[in-house]
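Accompanying notes for the structure given below.
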Amino acid sequence: MSHCHLRATSWLAALLAVAALPVVLLLVEPQRYSAPAWAFAMALGYGGIAFMGLQFLLTARLRVIVAPLGLDALQQFHRYLAIAGFGLLTLHGAVAAWRQPGLVGLYGEPPPPHVAAGLVAWLLYLALILSSVFGRRLGFGYAAWRHLHVAGSVVAFGGGLWHAWASGRYVDTPAKQAVFVAAVAAWLLLLAWVRVLRPVLVARRVRRRAVHDRA
């Protein structure tokens, strides 16, 4: 295996390990949960939201990740990881609805706010995936699609985080809370870098080059 392929494989393994960490923390204390199926459903949900959180790291196109993987491979990994994460979230909702149908509103009563937020996040992820696959057929221009994709991703991930946090007992230990808070902080910092700081720095470099060329 070449050095480049080894670095790429190492990065992929590291990213997947980061995504698996919340699931491991959730399942290390199985005695806390009366129903194994319910604990499994919660693990699926944490795994799904972790996969979706990694999308922001992949789309940031950080040089340290793009260099060993290559942009084409990174985009493919982004696509497959999004589908895998959506599949985990779908299974999470299906098992939860099977175990507690009243909690998700199947008995006619409205679901709690944090459950409704999870449902809205799931619908947004479904729309994002469908728009990525069929966007051109629906007549979306790339610029409009990209802005909608970013906005939808931020809202969906934020709703998913609130859904997970408001579930209460599943982030009730210091280790789980520390991982959760660290993940949210990393996401906010990454979002600020990609959407605010980096565009400002790029615009500043463009202005400097323009001034230098005129001089």
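Computed over the range 34-84, the alpha-carbon pair-distance distribution with 10 angstrom bins reads 25, 39, 21, 12, 3, each value a whole percent. Modelled label positions at TRP193 and ARG63, each set 7 Å beyond Cα in the direction of Cβ, lie 1.3 nm from each other. Annotation: peptides 189-197, 152-160, 80-88, ranked by per-residue average of other Cβ atoms within 10 Å with the highest first, follow the order 152-160, 80-88, 189-197. Once both labels are positioned 7 Å from their Cα atoms along Cα-to-Cβ, the gap between LEU148 and VAL200 label points is 3.0 nm.
Here the calculated FRET efficiency for GLU109 and ALA175, from their Cβ-Cβ distance with R0 = 25 Å, stands at 0.15, rounded to the nearest 0.05.
Laboratory data are not the source of any read-out in this text; all were calculated from the coordinates shown. Keep in mind it's a predicted model, so treat the numbers as computed, not measured. Neighbour counts run over all protein chains shown; Cβ positions are idealised from the backbone, glycine included.
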